[in-house]
1. For S127 and F22, compute 0.36 nm times the residue count separating them, minus their Cα-Cα distance, and round to one decimal in nm.
2. So for T94, T126, T19, fewest C-beta neighbours within 10 Å to most, what's the order?
3. In whole Hz, what ³J(HN,Hα) sequence does the range 89-99 give by Karplus (6.51, -1.76, 1.60; θ = phi - 60°), x for Gly and Pro?
4. Under 11 Å from the Cβ of P48, count the other residues' Cβ atoms, weight Lys and Arg +1, Asp and Glu -1, and hand me the total.
5. In terms of modelled amide H atoms, which long-range or inter-chain residues lie less than 5 Å from the amide H of E118?
6. Arranged by the count of other C-beta atoms within 10 angstrom, fewest first, what order do M18, M6 take?
7. Based on the Cβ-Cβ distance from N30 to Y90, what FRET efficiency comes out when R0 is 35 Å, to the nearest 0.05?
8. Evaluate the relative contact order of the range 8-111 (contact order divided by residue number), counting alpha-carbon pairs under 8 angstrom at least 6 apart; express in whole percent.
Amino acid sequence: MPTLEMNRQQLVQRVRSMTRDFAESIFRANDIYDWINEAISRFAQVIPELSGLEFLHSDKDVPKLIPLRYRHLLAVYAASRCFGQDERHYQASTYMNEFEVKLDELKTAIENGEVVIEDEDGNPVTSDIPVDYVDLEPYWGIRAKPTELPDAEEVE
């Protein structure tokens, strides 16, 4: 029984299945590898906790930080790029929309604490990016966080 860890070889097989390229004659393997790694870059770009993701360079490499139930999205992204290259834009946009919606779903789940990203040792990976606040003093003469904004009557 094959393992469900979704290594690069399994991701490529998934892409070929999604694009109906069973004979491996339509899309080059190197293009699929590049698009899988491009999807990894997109994960890291959108979700700060995944900024430590490494590209998959060999068939046995696994995207370790991505939760298992979201790893298939790498194949969805690559399939979208395959269809784009083949000028099948409807299918390309359908798969890209699926990728972006699920990526946003993952980001929201991480922000809400529903999904915890763990490193190889089982330690939670957190984002160390501080939240920016606007200093309101020059505008309203007060110091407050955005959640503590006064009503309009209080400012006058």
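Bear in mind that the values in this text are calculations on the coordinates, not laboratory data. What you see is a predicted model; the values in this text were computed from it and never measured. Quick reminder, even Gly has a Cβ in these numbers, built from the backbone with ideal geometry, and neighbours come from all protein chains shown.
1. Details: separation 105, 0.36 × 105 = 37.80 nm, distance 4.03 nm.
Length gained, S127 through F22: 33.8 nm.
2. Values: T94 15, T126 11, T19 22.
Listing T94, T126, T19 from fewest to most nearby Cβ atoms yields T126, T94, T19.
3. Coupling constants for the range 89-99: 5, 4, 5, 4, 6, 4, 5, 5, 4, 4, 4 Hz.
4. On the way: positive: K107; negative: E49, E111, D128.
Charge balance near P48 sits at -2.
5. Long-range HN contacts for E118: V125.
6. Working: M18 18, M6 21.
Lowest to highest Cβ neighbour count: M18, M6.
7. Values: r = 25 Å, r/R0 = 0.73.
Using R0 = 35 Å, I get an efficiency of 0.85.
8. With pairs under 8 Å counted, the relative contact order is 29 percent.
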